[in-house]
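Notes to accompany the following structure.
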C-alpha cells in the first residue's frame, strides 16, 4: 500500500512538518530550486519506499542550511543523521524514524534503522533485544532466493535461513563496532538445525552481554575462538606480501582469504600458477604452515578474460550490464572495467565516462543519451523470472561465508549460491557458488544481489568448485561507487 504524506493528519510527521508548508519558512518551486538533482535523488528514494512528498516541500527543505535542517528535525522529535541529508543511509534513518512514529510497519522501520548503520551501538542492541521473530524484516523474494541457492530447501527452512542472514548482517555491523575481538557471525548447522554462530576470540562475555539472549526469536550459539577477524586479516596481509600476490595478474594469483569458521587463512593455488607444494615451503610462511594457521585448499582458476558477453550490448566484448546508476541526477549504467569501453544498450549507444581497476574495483560507468532520460528505473532483468527492483545496497564488511547471494549474467542467467570467500586475492572481492549455478563467458559486469539489495558487479569466474561449476567473483558495489563515482539507483 502506498503511504502518502501531505494530509493534515500527517502534518505532525517527518515529511509533513519537517518538509511541509509553513515550517519551511518559504515556498520554493521545484523548477526554481537550486537543488533539482538533490530533490530528484530524494524523490527516488522516497518513492522506492512507497512514500510521496511534493517537490516544492523537498526543495524548500534543501534551501535551508544544514544547521537549520538539523534544528527542524530535532524540534519535531527526530534524531538528525549528522551526515549529508541526501545520502541513502540518512534516508533510511529518517524514514525508519517516521514509520516508528506513525506506529506502522514495525518490521520495516526496524530494518531501516538498523541497516542505516546510524544507530549508536547501545541503541542498536536495545532494539535488537526487543525483536521477536515477526519484528524482523524478511521478504518473499529473499525466501525464494534462499531456495534457489540451496536446492531441496523447504520453504519454512528457507524462511528461517533468510531470517538468520538478516540477523547476521545486523550483528556484524554492531558487534563489529563494539567487540574488537569478534571473529565472525555466520550461519551454520548446529545439532542438526540451522542456527547463528557468534565467534569471539578468547572470551564471548562482551558479545553475550550485548545480545542478552535471543534476538528475533533466535538464540545465537557463542563460540570462543583463538583469533579475531582483525588478527586473521593481519595474517592474510602477511601471506599476501610474502607471496607477492599484489604484483601478479588475476589469472595467476592465488586466492587468499579468511574463514571465520575454521579460523584459518585459506590459500587456494591458481591452476595457472604455483603449486601447493611450492607454496607450503615459501619463504616467510613456514611458521604459519607449521602451526596450522594456513589452510591449503584445492586449486582454482580466476580469469577475467574468460567472462565476456552481455545483456543487450553490441560492443566487441559484449559485457553484461550491471545496475542503473546516477551522478547528480544524470542516469547511466555500469559494467566491468575490463570489458570494452564502446558499449551499447540494445540499439542505444552509451557514452563511456570513467572506469577503474583499483585493486578493490572492476567497474566502468556509461551515461545514457538524453533521449532516454526519465525512462531509467532501478529494475534489473532476471532470466526466466520477473524483473527485480533494487532498493538498497549492502556493504562489503556485512557479507560473510555461508550468506546467500544471487547474480544475473547474459550467458548463465539468473542463479543463487553461497558465499565461500570474502577477500579473494587480497582485493576484497567476494566469491560465491553452488550446485545449480555457474559463471561463464558472457557474465562479466552483471549484477550481484540478495533480496532487493545491490551487492556488486561480476568480475571473474573461479573454478572448478565442489560441484564442478565455476563460482562467481564480484567486486563490492560500495567501492565501485567511490572509485568510479556514481550512486546505484534505488527508484
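The values are calculated or read from the model by the stated rules, or taken from the named source; none is laboratory data. What you are looking at is a predicted structure, and each value in this text was computed from that prediction instead of being measured. Positions of Cβ are backbone-derived with ideal geometry, glycine not excepted, and every protein chain shown enters the neighbour counts.
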If I go through the range 421-449 residue by residue, how many of them are surrounded by fewer than 24 Cβ atoms within 10 Å (Cβ to Cβ) and either assigned by TED's automatic domain parsing to the domain that holds residue 188 or closer than 19 Å to residue 468 by Cα (or both)?
6
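To keep it simple, each residue is scored yes or no on (1) in contact with a helix residue (DSSP H, G or I) (Cβ under 6 Å, 6 or more places away or on another chain); (2) more than 29 Å from residue 246 (Cα to Cα); (3) in contact (Cβ under 8 Å) with a residue 40 or more places away in the chain.
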position: 334; (1), (2), (3): no, no, yes
position: 360; (1), (2), (3): yes, no, yes
position: 380; (1), (2), (3): no, yes, yes
position: 397; (1), (2), (3): no, no, yes
position: 400; (1), (2), (3): no, no, yes
position: 423; (1), (2), (3): no, no, yes
position: 436; (1), (2), (3): no, yes, yes
Qualifying positions in the range 192-249 - on the phi > 0 side of the Ramachandran plot and without any contact (Cβ under 8 Å) to a residue 24 or more places away in the chain:
192, 244
Per the filter on the range 444-469, residues within 14 Å of residue 424 (Cα to Cα) and part of a loop (DSSP other than H, G, I, E, B) are 463
Wholly enclosed strands (runs of 3 or more DSSP E) of the range 241-354 bearing at least 1 residues at pLDDT below 85
324-327, 330-335
Assess whether residue 143 counts as being in a loop (DSSP other than H, G, I, E, B), buried (at least 20 other Cβ atoms within 10 Å of the Cβ), touching a helix residue (DSSP H, G or I) at 6+ places or on another chain (Cβ under 7 Å) and not assigned by TED's automatic domain parsing to the domain that holds residue 434.
no
Filter the range 459-487 down to the residues that are under 13 Å from the mean Cα position of the chain (by Cα) and either outside the structural domain of residue 333 (by TED's automatic domain parsing) or surrounded by 24 or more Cβ atoms within 10 Å (Cβ to Cβ) (or both) and list them by number.
474, 475, 476, 477, 480
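Tell me, which residue of the range 102-130 that is modelled with pLDDT of 90 or more and part of a loop (DSSP other than H, G, I, E, B) is surrounded by the fewest Cβ atoms within 10 Å (Cβ to Cβ)?
The selected residue is 120.
Would you please name the residue that is modelled with the lowest pLDDT, looking only at residues in the range 382-411 that are closer than 25 Å to residue 482 by Cα and part of a loop (DSSP other than H, G, I, E, B)?
The extreme case among them is 391.
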